[in-house]
Each structure stands twice: as structure tokens, then as C-alpha cells.
1. Take residue 22 and decide whether it is over 50 Å from the mean Cα position of the chain (by Cα) and either at negative phi or modelled with pLDDT under 95 (or both).
2. Considering only the range 36-43, I want to know if a residue exists there that is part of a strand (DSSP E or B), closer than 30 Å to residue 3 by Cβ and either at pLDDT 95 or above or touching a strand residue (DSSP E or B) at 6+ places or on another chain (Cβ under 8 Å) (or both).
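The values are calculated or read from the model by the stated rules, or taken from the named source; none is laboratory data. Nothing here was measured: the structure is a model prediction, and the numbers come from that model. For neighbour counting, all protein chains shown are included, and Cβ atoms are generated from backbone atoms with ideal geometry for every residue, glycine included.
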């Protein structure tokens, strides 16, 4: 019958004496499994907490960078608006000068589609090269 129990002796102060604690082997196994499960649960929660804290710090850093980028975009948009106003003033000034100089409308204003000059010099250059190739 003693084989089914664990005997634990607890030695305390001299006034308490020695205490004897008997635990069934099945109960001891259950306590060990519960302790291991509790330890795994605490470890999992701790690891999850650490990952959440890392992600939170990364999120805060990205929010800060986003605010900085929004401020830069706002600054650039105000500069673009200012340049558009100056360009409109210059166009008005150009019209006034053309009217005063009696130059008429001049060339038609076309929106900027791309960079570079007109295609006419390129076509002329290609036409000049074609007879040289045939010779």
C-alpha cells in the first residue's frame, strides 16, 4: 500500500517539528502535468507579449515616418501651388507684353506632354541621312 504514495517530510522550526505529507502517485503525476502545462502557457503568453511589443514599436515607428512623409508632401504641394500661381502671373505678364508689342497671339500654348523639342528637326535629320545610306 505504501507503493501508491509519496511520503514527503517537512522539517520546520523546532516548535513545529517534522511533518509528514503523503501524496498519491496519480495525484503527483497530475500535479506535474498541470505544472508543465502552466509553464508552457506562461511561456507562450510571454513570447506572444514580446512579439506584440516588437510589432507595436515597429508600428509606432512607421506611424512617425508616415507623419513626416505627410508633412513633406504637404510642403511640396504648397510649393507646387505657389509655382502654379507664379506661372499664371508670368503667363498674364507675357500676354500683356505681347499685346503692348503688338506681337499677337504668337504660338499656341500647348500643355507639356513630354520633355524635348519638336519632332521636325529629327525628321529632317533622318531624311538627310537616307540618301547617304543608298550611296
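1. The answer is yes for residue 22.
2. Scanning the range 36-43, I find no residue that is part of a strand (DSSP E or B), closer than 30 Å to residue 3 by Cβ and either at pLDDT 95 or above or touching a strand residue (DSSP E or B) at 6+ places or on another chain (Cβ under 8 Å) (or both), so the answer is no.
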